[in-house]
1. Exactly one of these conditions fails for D136: (1) open to solvent by less than 40 Å² (accessible area, probe 1.4 Å); (2) closer than 16 Å to G15 by Cβ; (3) part of a helix (DSSP H, G or I). Give me its number.
2. Could you tell me whether G81 is of a type in the set (G, A, S) and surrounded by fewer than 21 Cβ atoms within 10 Å (Cβ to Cβ)?
3. Being more than 12 Å from the ligand (Cβ to nearest atom) and farther than 18 Å from P107 by Cβ narrows it down to one of E45, E63, so name that one.
4. If you scan region 16-38, which residues turn out to be near the ligand (Cβ under 8 Å from one of its atoms) and either in contact with an Asp or Glu (Cβ under 6 Å, 6 or more places away or on another chain) or among the polar types (S, T, N, Q) (or both)?
5. Filter region 146-173 down to residues that are open to solvent by 60 Å² or more (accessible area, probe 1.4 Å) and in a helix (DSSP H, G or I) and give me whichever is farthest from the ligand (Cβ to nearest atom).
Amino acid sequence: MINLILFGPPGSGKGTQATQLVEHYNLFHISTGDMFRSEIGNKTELGLLAKSYMDKGALVPDEVTINMLKKRVEENPNVKGFIFDGFPRTVDQAIALDKMLADKGTPITALLELVVPAEELIVRLMNRAKTSGRVDDGKPNIIKNRIQVYRETTAPVANYYAEQDKTYKIKGLGSVEEITEQLIFTLDSALTAG
Ligand code: B4P
């Protein structure tokens, strides 16, 4: 079983690359961002709560996010592995994920970190705003807040998995296909070595 974390700042291409890797490795894709947007679309209580944080570029509280994630994992007991896209975003989320996977006997295989400079992230998110309709994409001050939250609260998750020798950094610049190739090469090398 392969369990992957696709990691990186907002707009680094986690969602884009997850779609490619899911197909290549036949994994089950869980994107907490997509799950929140679906709840917002359905105007549920959880959606209203998530929206109040996402609109400001803040993280949705850990307890809410962890419970939602756990439920999705438990609903899919027979898959070949998971690709976690946008989760964990805090060290507490990482600890909860490790505990959950330890109970199943299937730990995280690797964290793949997409490294993209902040200037490029801003360009991508401003571009995406033209089609996404996402409130958190179009405004430079909200994007800057998301990048700041990433640096302060989310980046330590990569160090947490580095201590377990599971973090791999990949340059997230270039065509989508080139980056996918690099991700597959890096993961396959890690699987062979491990
Ligand atoms: P997410 O939905 O996870 O989204 P993201 O970080 O903004 O984008 P991603 O990195 O997936 O970028 P994409 O591939 O789309 O999070 C949204 C919000 O949800 C968070 O801010 C937070 O509030 C909340 N949330 C989610 N998970 C949470 C958690 N665990 N805890 C608490 N809160 C949570 O790519 C971006 C753009 O770049 C696209 O337009 C794409 O076409 C383009 N692009 C991709 N690859 C490219 C390339 N190689 N070259 C040029 N452009 C490229």
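The values are calculated or read from the model by the stated rules, or taken from the named source; none is laboratory data. All of these numbers come straight from a predicted model, not from anything done at the bench. All Cβ positions, glycine included, derive from the backbone under ideal geometry; neighbour counts span all protein chains shown. Accessible surface is based on the protein model in full, side chains and every heavy atom, while ligands, DNA and RNA are left aside. Shrake-Rupley method; radii C 1.70, N 1.55, O 1.52, S 1.80 Å.
1. Here D136 clears every test but (3).
2. yes
3. From the options E45, E63, the qualifying one is E45.
4. Answer for region 16-38, where residues must be near the ligand (Cβ under 8 Å from one of its atoms) and either in contact with an Asp or Glu (Cβ under 6 Å, 6 or more places away or on another chain) or among the polar types (S, T, N, Q) (or both): T16, Q17, A18, S31, T32.
5. Among those residues, the one meeting the criterion is N159.
This table checks each residue for (1) at positive phi; (2) modelled with pLDDT under 95; (3) open to solvent by less than 40 Å² (accessible area, probe 1.4 Å).
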| site | (1), (2), (3) |
| --- | --- |
| S12 | no, no, yes |
| E23 | no, yes, no |
| L27 | no, no, yes |
| T32 | no, no, yes |
| L49 | no, no, no |
| D55 | no, yes, no |
| M68 | no, no, yes |
